[in-house]
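One structure below.
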Amino acid sequence: MSVLWDALNDVSVLTICLLLLSLGIALFYEMINGFHDTANAVAMIIYTHSMKAKYSVIMSGIMNFLGVLLGGIGVAYAIVHLLPLDLMVETNQNAALAMVYSLLIAAVVWNFGTWYFALPVSSSHSLIGSIIGVSTTFGLLHGFDLAHSVNWKVVYTILIGLALSPLIGAGFSFILMKLARKYITNPKLFRSPSQEEKRKHPSFLARMAIVATGAGVSFAHGSNDGQKGIGLIMIILIGILPGYYALDMSSHHYKIAHIRDAANNLSRFYADNNATLIQLVNGKRLMSALKTKNTIAECSVDQVDTTLALVASKINGLNSYADLTMKERWSMRTAILCSDHFFAQAEKAYLLIDKDKSDYISHERKQLVAATEYAPYWVVFAVALAIGIGTMIGYKRIVHTIGEKIGSNEINYMQGTVAQTTAMITILAANVLHAPVSTTHILSSAVTGSMLSKSEGGVQKGTIKVILLSWLFTLPVTALMGSGIYICLNFFMK
């Protein structure tokens, strides 16, 4: 918090107000994320009467908090790197503010609207759609090539993950349910709430399975979707206060020394393997990174070693990034990002020809980006709290949709357990790959897969059709909304 306090004491009252407003909207977005996504984590528990609603949401909030805390920041920076932060900061602060507000408003409006109509729509889709719309419009209005205004490679990777994860969820759930029906003979596990004659709750075994897997989904949700909120807030902080959040200002001199060593090591690797790297560049397997100029070096493939050597020289003996000027901090960030982008490509290329060198590059890259890929603890706590509050406020609408409106029959305990197990495993696997995925999409698809596994079962085609259409339209609608809002805000903030 000391970095934020220093920043607030050094900027205008107007900037402070705009910053606080944008942070408030971002946290409100995370609350709506709770309406949509975390509600899925407690849907089975509440619907099957395995635990009272008030205790379910408290448990979900705690597990979400732990998920955010322990989930890392790989997914968060997949979101951050979607936006051309370097270009928008270099343009002017008004452009940065307009972009931030546009993507926030577009994502919030769509998320809130679909929640109101009880549609389990992806918060991830709405956020990514609004980022794409705002970024492309920013590029067109400010004369940048569209190839530079959006990190399309990251976009494609994210969209592939969002598209494949529901299919994996449905398929995995279908197979698990088939196996469960074949090998599990306890009939109590295959009952639905309305089939319980005397007791108000499922059997102890069914209850524990539902609660345990629901807790797992909450943890997995926090570890993935919570990171999207962290990424969103870091976009705000870096865009509005670049001099204070371009680098991790809390880094002590030992951590800075590690980054210096990584820069030196990668610079030497470039020099030692120059012939192979040049061959890869000429074969278009390695391309230039950021297309901006900075005060350290030109960011191009033939100067990466020079760029890294200058980074190492600049921070040699440095005790704190506060000793650098604000311009030097931003310059340092740009140099690290462009160098890391180059070596990310080199890491993949060497994986096919020399795995030891690929592993070496991977290790040094992790050290290098520690200066730019971080999240203050207060950001993590704020996001976790916002998601938890959202869960407690808005879970009821989605619970009813998940429990009764997807399948042609109401969901039974085993189907709920299988669907939650599938969602938990799929989301945690996505975390390993740093892939933002949708808890909503995966769980809804898993419920569908579990329903289809029964010969006399099935799904309500009307509900599935509405959900699929809402999924399909989320990305283009939020992109258009973000674009339109940005055009308006850019006009008034010139």
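A few notes on this one:
- Residue count for region 151-192, restricted to those that are of a type outside the set (G, A, S), over 24 Å from the mean Cα position of the chain (by Cα) and in a helix (DSSP H, G or I): 13.
- Condition met for L472 (farther than 30 Å from H252 by Cα, out of contact with any helix residue (DSSP H, G or I) (no Cβ under 9 Å at 6 or more places or on another chain), assigned to a helix (DSSP H, G or I) and at pLDDT below 85): yes
- Flag: A370 does not match the condition of being open to solvent by less than 20 Å² (accessible area, probe 1.4 Å) and within 19 Å of S313 (Cα to Cα).
- Boolean, D305 is of a type in the set (D, E, K, R) and at pLDDT 90 or above: no
- Some residue of region 394-410 being farther than 23 Å from M451 by Cβ and either modelled with pLDDT under 85 or crowded, with 24+ Cβ neighbours inside 10 Å (or both): yes
- Those residues of region 109-126 which are more than 18 Å from S444 (Cβ to Cβ) and either buried (at least 24 other Cβ atoms within 10 Å of the Cβ) or at pLDDT 85 or above (or both), in sequence order: V109
- Residue within region 41-60 that is among the polar types (S, T, N, Q), in a helix (DSSP H, G or I) and touching a Leu at 6+ places or on another chain (Cβ under 9 Å) present: no
- Region 337-352, subset in contact (Cβ under 8 Å) with a residue 60 or more places away in the chain and within 20 Å of V80 (Cβ to Cβ), residue nearest to the chain's Cα centre (by Cα): L337
- Pair list, Cβ under 8 Å, 6 or more apart: region 358-372 residue among the hydroxyl-bearing types (S, T, Y), other residue open to solvent by 50 Å² or more (accessible area, probe 1.4 Å): S358/K348; S358/L351
The values are calculated or read from the model by the stated rules, or taken from the named source; none is laboratory data. Computed from a prediction, not measured in an experiment: that's the story for all the values here. No Cβ is skipped: glycine too gets one built from the backbone with ideal geometry, and neighbour counts run over all protein chains shown. Side chains are part of the model used for accessible areas, which takes the heavy atoms of the whole protein and leaves out ligands, DNA and RNA. Shrake-Rupley method; radii C 1.70, N 1.55, O 1.52, S 1.80 Å.
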